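The values are calculated or read from the model by the stated rules, or taken from the named source; none is laboratory data. Quick caveat, the model's predicted, so the values are computed rather than measured. Here the Cβ positions follow ideal geometry from the backbone for every residue, glycine too, while neighbour counts run over all protein chains shown.
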Amino acid sequence: LRNKRRNVTVKIMKNSIYPCIWLDGNAKEAADLYCYTFANSAVKSENPMVVIFELNGQKFMGLNGGPIFKPNASISVFVNCESPEEVEKSYLSLGDGGSVLMPLDKYPWSEKYGWVQDKFGVNWQLFYNENDDSEKFSLCLMFTGEQAGRAEGAINFYTKVFDESSIVSISRYGADDHDILGTIKHGMFSLNNHAFRAMDSSGDHKFTFNEGISFVVDCENQTEIDYFWEKLTNGGQESQCGWLKDKFGVSWQIVPKILAELMGDAERSQRVIAAFMKMKKFDIKKLIEA
Amino acid sequence: MKVTENFAKLVGMWSGSNRLTMAPEDPVRNSESTACVGLEANQNFLKINYEWSFDGKSHEGLMIFGFGKEAKMTSVWVDSFHQSGDFMNSVGMIDGDKISVKANYTQPEYADWAWRTNLEFIDENTFSFTMYNVFPDGKEAVAVESSFTRRKIIAE
């Protein structure tokens, strides 16, 4: 790591980044639905507050945070299905009790595609294209409202913040598209080897980024926490308990890896919770001393 | 007039550096910088959104260049560090792949000072802009030097 970039001498690790879905007491129910829908999936751990599950190797957190926030279509899970049949099966499974944003059909970009919002409010773009060998799961950020037109800047920004990043592809709205010429129609990028997508949409959407889906960045040490906190709050805003919003309004949780271990001890976890409830940015030393 | 062919090639994402010199005797402040370049209004205007930082705080700027008749150029510029809410409206000329525009300061006490901005297309993967303080006697001192290289996009 270059000193001039980070002003630190400790190497920043390839931090794991995974989505956290804000749910209202039904995180386990949601995780069970997702694990039922997708092969090679399982719940990895659970407690009354948090359910960790993996869908084909992609880690997710379900957080029983209460009714304050709900996921919306500004961040969706993009699923690169292995067959048209998988698109259809997933569409039916996830759409049960939910709603349809784009009906299952053939589209210019996919032989079989549908966008559903499930009964928990989580949005899924289910996609099949035999020529697409990208990751099975990626998170798609849609820049709407006052954020419309900022997708390119966000891709540029995020891929500089995270060390192991790349811009995979960029397509822009052309003269024949019904959106702002030159803004991002579809962008693919990776952050620390985790797949992301982004798009601008200037239509009259009623949703924008919120805490309903946030991104957890696992950190090995305080240096990493300090680094991501500084970079991502710059132009954004600090929140409580390791949460922040970046300048695009996207929520992040900058979390020490050791927190899971500290919370695993029932007696100690109460003191740890009491300690971090007072924190904005996590302070590992204080958590350990709690 | 349309944006010239070479400047239109700058559309995309860029990464680079920003060198700020507050006063000739002050040390140069270096920071990383990124930029997104686009075309606006039927490709008649070149837009450069850029970011840089000063003392750890991120700053954003926007330059829009208009390509007029007979090589005449106009530009507006905003920057969260350098300005406090007013556009800087500049006029100048284009000469091939180099644009130079200048504006007088709008504050009455500095009315005889000016600010020059040069934008240069170097090649399809490199561009730079340099800003100068122009003293009342006409002498110039570099205030900002920013240079950028195109971000690599794997699928291109």
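Quick grid of which residues meet (1) hydroxyl-bearing (S, T, Y); (2) in contact with a strand residue (DSSP E or B) (Cβ under 7 Å, 6 or more places away or on another chain); (3) free of Cβ contacts under 8 Å to residues at least 60 places away in the same chain; (4) over 30 Å from A:K160 (Cα atoms):
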{"site": "B:M63", "(1), (2), (3), (4)": "no, yes, no, no"}
{"site": "B:W77", "(1), (2), (3), (4)": "no, yes, yes, no"}
{"site": "B:I94", "(1), (2), (3), (4)": "no, yes, no, yes"}
{"site": "B:E109", "(1), (2), (3), (4)": "no, no, yes, yes"}
{"site": "B:A114", "(1), (2), (3), (4)": "no, yes, yes, yes"}
{"site": "B:N118", "(1), (2), (3), (4)": "no, yes, yes, no"}
{"site": "B:M131", "(1), (2), (3), (4)": "no, yes, yes, no"}
{"site": "B:A141", "(1), (2), (3), (4)": "no, yes, no, yes"}
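Among the residues here, A:S169 qualifies as within 13 Å of chain B (Cβ to nearest Cβ), assigned to a strand (DSSP E or B) and more than 25 Å from A:G235 (Cα to Cα). Within region A:46-59, at least one residue is of a type in the set (S, T, N, Q), surrounded by fewer than 18 Cβ atoms within 10 Å (Cβ to Cβ) and modelled with pLDDT under 95.
All conditions in (1) part of a helix (DSSP H, G or I); (2) within 20 Å of the chain's Cα centre (by Cα); (3) modelled with pLDDT of 95 or more hold for A:A260, with the sole exception of (3). A:A154 falls short of the stated requirement of being in contact with a Leu (Cβ under 8 Å, 6 or more places away or on another chain) and either at pLDDT below 95 or over 24 Å from A:S202 (Cβ atoms) (or both).
The single residue among A:Q240, A:Q253 that is away from chain B (no Cβ under 14 Å), polar (S, T, N, Q) and assigned to a loop (DSSP other than H, G, I, E, B) turns out to be A:Q240. Checking each residue in region A:191-214 for being in contact (Cβ under 8 Å) with a residue 24 or more places away in the chain and surrounded by fewer than 18 Cβ atoms within 10 Å (Cβ to Cβ) picks out A:N192, A:N193, A:S202, A:G203, A:H205, A:F207. Only a single criterion out of (1) assigned to a strand (DSSP E or B); (2) within 30 Å of A:K286 (Cα to Cα); (3) touching a Leu at 6+ places or on another chain (Cβ under 6 Å) is not satisfied by A:F215, namely (3). Considering only residues in region A:141-166 that are surrounded by fewer than 22 Cβ atoms within 10 Å (Cβ to Cβ) and assigned to a strand (DSSP E or B), the one that is farthest from the other protein chains (Cβ to nearest Cβ) turns out to be A:S165. Residues in region A:128-142 that are aromatic (F, W, Y) and in contact with a Ser or Thr (Cβ under 7 Å, 6 or more places away or on another chain): A:Y128 alone.
As an exercise: evaluate A:M188 against (1) farther than 17 Å from B:A35 by Cα; (2) in contact (Cβ under 8 Å) with a residue 60 or more places away in the chain and give the number of the one condition it does not meet. Just one mismatch for A:M188, condition (2).
Yes/no per residue for (1) surrounded by fewer than 19 Cβ atoms within 10 Å (Cβ to Cβ); (2) within 8 Å of chain A (Cβ to nearest Cβ); (3) in contact with a Ser or Thr (Cβ under 6 Å, 6 or more places away or on another chain):
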| site | (1), (2), (3) |
| --- | --- |
| B:N6 | yes, no, no |
| B:R19 | yes, no, no |
| B:P24 | yes, no, no |
| B:N30 | yes, yes, no |
| B:T34 | no, yes, yes |
| B:Q43 | yes, no, no |
| B:I48 | no, no, no |
| B:E51 | no, yes, yes |
| B:H59 | no, no, yes |
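Can you say whether A:I180 is within 10 Å of chain B (Cβ to nearest Cβ), among the aliphatic types (A, V, I, L, M) and over 24 Å from B:G16 (Cβ atoms), as far as the supplied structure shows? When the stated conditions are applied, A:I180 passes them.
Taking region A:126-135 as the range and being more than 13 Å from chain B (Cβ to nearest Cβ), at pLDDT below 95 and within 18 Å of the chain's Cα centre (by Cα) as the test, only A:E135 passes.
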